[in-house]
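To start, the structure under review is shown below, and the notes come after it.
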Amino acid sequence: MTEPDLRLRAVVPAPPKVVYEALTDPAQLRIWLAEHADVDLPGTYAFWGRFTPDGAEPHQRVLHVDERSLRFAWTVDGVESTVQFELAEDEGGTLVTLSQSDLPSFQDVLADTAGPRGALQTFWSLAIANLADYLAGRELTPKCDFTSAELHASVVIDAAPEQVFESMTQPEQFCRWFGANVDIEPYVGGRFAMGGFDLDPGGARFVEFEPGRKATLRFADGMTDSWELAGSNGKTRLTVVESGFDPASPPYPGWAGWLSGIAELRRYHELPQWRTIWREVQIAGVPEGMFSIDQ
């Protein structure tokens, strides 16, 4: 495998044998990864459906498989890439390393010129986040539906709305659970810049900001990202909606990224000895200083 364009390393709470089964059992894959799956190794490893980019049909081809690794070719939008899973023992369970080659550039993803391939990086970050929760017996975070222009998700978090809202709007907390540096001005008219104001001086701006209840960001292209929080019995129902985009070209890469972040937000509030699952996030072309994994 050539030097990958994407490498994700995360610790999931199960021994390698159990993780390997979750990666290769089609019934389990249909829970945490994809709508449809068909596995008969060493010959067949396929997943497809509405939760998979360019997923109308399966487009995977097995290249190698052993007790601790799985490598397959995956053709998305006519371009073949190579995906590899590697498993290693870790004190917290299993260290999962996901690598993928031949991905579009970060600049093409931002410019929305990468087509379905632009969502592959965040597709895998959400998939691995859901794999971790699946193995822990936790409720999964909603998957990205790549066939829908309705970008809407709702989760229940075992924490009060004020706590959840603060963790989403205070940069120090946001950086901890999301794993990316961010600058936030927490008031109406204030800026929100992933990577910080040095990388994105204008940022998005809050057009609504009601502590503990609601916040809405408007981006320069007119897209909005709204967070609504409703409390009940010490818990919070967080509803996230993205709108204001061209329905013919939904921003799936960013949406899947938000969903993977929400998975970590839930763990951040709900696990007494919380530690991020992520050990490494490398995406070719991402500006230096964008990611910050707090161990």
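Read-outs throughout are calculated quantities, based only on the coordinates presented, and are distinct from any laboratory measurement. The model shown is predicted, which means the values in this text are computed figures rather than measured ones. So basically every Cβ, Gly included, is an ideal-geometry build from the backbone, and we count neighbours across all protein chains shown.
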> To the nearest whole percent, what portion of all C-alpha pairs in segment 151-249 is separated by more than 24 angstrom?
Replying inline: 20
> Given charges of +1 on the Cβ of Lys and Arg and -1 on the Cβ of Asp and Glu, with all other atoms neutral, how large is the dipole of segment 178-295 about its Cα centre, in debye to the nearest 20?
Replying inline: 500
> Order of LEU103, LEU131 from fewest to most other C-beta atoms within 10 Å?
Replying inline: LEU103, LEU131
>> Restricting to DSSP H runs of at least four residues, report the calculated mean residue ellipticity at 222 nm for the chain, -39500 (n - 2.57) per run over all residues, nearest 500 deg cm²/dmol.
In response: -7500 deg cm²/dmol
>> Just want the ordering: SER101, SER249, from fewest to most Cβ atoms lying within 10 Å of their own Cβ.
In response: SER249, SER101
> How many percent of the alpha carbon pairs in segment 6-135 exceed a separation of 24 Å?
Replying inline: 23
> Could you give P(r) for segment 195-295, binned at 5 Å from zero, as whole percent values over all Cα-Cα pairs?
Replying inline: 2, 9, 15, 20, 21, 19, 10, 3, 0
>> Suppose a student asked you for the relative contact order of segment 6-135, using Cα pairs under 8 Å spaced at least 6 residues apart; what percent would you report?
In response: 28
> Binned at 10 Å from 0, what are the whole-percent values of the Cα-Cα distance distribution for the chain, short to long?
Replying inline: 6, 28, 37, 22, 6, 0
> Residue separation times 0.36 nm, minus the C-alpha to C-alpha distance between ALA149 and ASP246: what's the value?
Replying inline: 34.0 nm
